[in-house]
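Student: First the structure, then my questions, so here it is.
Read the figures in this text as sums done on the coordinates, not as results from a lab. This one's a predicted model, so the numbers in the text were calculated from it and none came from an experiment. Cβ: placed from backbone, ideal geometry, glycine included. Neighbour counts: every protein chain shown.
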Amino acid sequence: MNVKHTRKILIGMILFGSMLFGGVTVQVLGSGGPESGDKRASSAYIVWVDGKARVLVDFGGGAALRFEEAGARIGDLDLILLTHLHIDHTADLPALIKSSFFVRRRRDLPLYGPSQNHLMPSTAVFAKRLFDSQQGAWQYMGDFLDGSASYRLIPHTVPASHKIRRIYANRGITVDAVSVHHGPIPALAYRVNVEGKSITFSGDMNGAYHTLERLAKGSDILIAHNAVPKGAQGVAASLHMTPDTIGRIARQAGVKLLVLSHRMLRTLGREHETQKEIRKYYKGKLKFANDLSRYRL
Ligand SMILES: [Zn+2]
């Protein structure tokens, strides 16, 4: 094989690689909920920009392994967004921060999440309860909060509000947040905007605040949580969107692609029925996510 031919192959490989991984993509690390038996990691997502994992949204159980499998590097992260502080959205966060001890990271890492109520601490207090050098559950990790580690984890508590607010703008990425109704638990939905594209993450919510349709307006992708089936009632329906609510919101927001995640034993196997409910309202593209599914914007 001559040099010219080898060069051609190399250029082809680079172009193919950039087709696959260049630009903006969103990857589902965990497509499940809190149950054992769904064979899925719990809620977690990456927004990739030009091959770099820039934004992490939620980090539930199993996400640390999926983060590795996806080839993501903690050094590339610009920020972490937590939709709420339930275990299936946060459990692997200590594992992620610990793993960063072994890599080169010098930049501070902001961590955003909701405010407190009688059931939940604020995101700032949550981070302290995990890592505070005096009283944290893992107090030996205190240097990540107090600035003596190679970088600092900086928690930000986002106040509850039905008004959409810009909470982050740096290095070409902006993030907007709004409160969503997840039973009695403080919860946020986020919209990540980058390179003229946008992805909206519903988090867990039931739609009662009517805020997600505004936040997601015109998004390229809406990742909505499909935790309950058609006709769900009671506690399940006060926590999560039924499929017809998802369909209504996706239509009102006019999203280009609807991705269903946070799939649970009660919705797995009912995709046909779920899709039929959603299709009553939303006619655009629809996908059911699995762990490591990746979507181009
Ligand atoms: Zn959840």
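Student: If the cut-off is a Cα-Cα distance under 16 Å, which lysines reach Lys280, setting aside same-chain residues fewer than 8 apart in sequence?
Tutor: Leaving aside lysines fewer than 8 places away in the same chain, those within reach of Lys280 are Lys230.
Student: Along the charge dipole of the chain, pointing to its positive end and built from +1/-1 on Cβ of Lys, Arg, Asp and Glu, which listed residue (Ser115, His162, Ala127) has its Cα farthest out?
Tutor: About the Cα centre, the residue reaching furthest to the positive side is His162.
Student: Below 13 Å, Cα to Cα, which aspartates and glutamates can Lys283 reach? Residues fewer than 8 away in the same chain don't count.
Tutor: Asp244
Student: Relative contact order of the chain, please, whole-number percent, based on alpha carbon pairs below 8 angstrom and at least 6 residues apart. If you can, show how the numbers build up before the last one.
Tutor: Numbers: 702 pairs, mean separation 46.6, N = 297.
That works out to 16 percent.
Student: Quick check: net charge around Asp244, other residues with Cβ under 12 Å of its Cβ, Lys/Arg +1 and Asp/Glu -1?
Tutor: On the way: positive: Lys230, Arg248, Arg251, Lys276, Arg279, Lys280; negative: Glu273, Glu277.
So the surrounding residues net to +4.
Student: Quick check on the chain: helices-only [θ] at 222 nm, where DSSP H runs of length 4 and up contribute -39,500 (n - 2.57) each and the sum goes over total residues. Nearest 500, please. If you can, show how the numbers build up before the last one.
Tutor: Working: 10 runs with 80 residues, N = 297.
Dividing the helical sum by the residues of the chain leaves -7000 deg cm²/dmol.
Student: About the Cα centre, and with charges only on the beta carbon of Lys, Arg (+1) and Asp, Glu (-1), how big is the dipole of the chain? Nearest 20 debye, please.
Tutor: Its charge dipole is roughly 1120 debye.
Student: If you restrict to DSSP beta bridges whose two residues both lie in the stretch 22-296, what percentage is antiparallel, to the nearest 5? Provide the component values of the computation, followed by the final result.
Tutor: Details: 35 of 60 bridges.
Expressed as a percentage, antiparallel bridges in the stretch 22-296 total about 60.
Student: I would also like to ask the following. What does the extension gain come out to for Lys256 and Asp146, with contour length at 0.36 nm per residue minus their alpha carbon separation? Could you put the intermediate results ahead of the total?
Tutor: Details: separation 110, 0.36 × 110 = 39.60 nm, distance 4.25 nm.
Full extension from Lys256 to Asp146 adds 35.3 nm.
Student: Below 14 angstrom from the Cβ of Val49, what's the summed charge of the other residues (Lys, Arg +1; Asp, Glu -1)? The partial results should precede the final answer.
Tutor: Working: positive: Lys52, Arg54, Arg73, Arg171, Lys197, Arg294, Arg296; negative: Asp50, Asp76, Asp78, Glu195, Asp220.
Net charge in that neighbourhood comes out at +2.
Student: Still on this structure: For Lys285, give me every one of the aspartates and glutamates with a C-alpha distance below 15 angstrom, ignoring sequence neighbours fewer than eight places off in its own chain.
Tutor: Straight-line reach from Lys285, under 15 Å: Asp220, Glu271, Glu277.
Student: So, one more: Assuming a viscosity of 1.567 mPa s and a temperature of 4 °C, what translational diffusion coefficient in µm² per second does Stokes-Einstein assign to the chain, Rh being the Kirkwood radius over Cα pairs? List each step's numbers first, then the result.
Tutor: Numbers: Rh = 19.6 Å.
In µm²/s, the coefficient rounds to 66.
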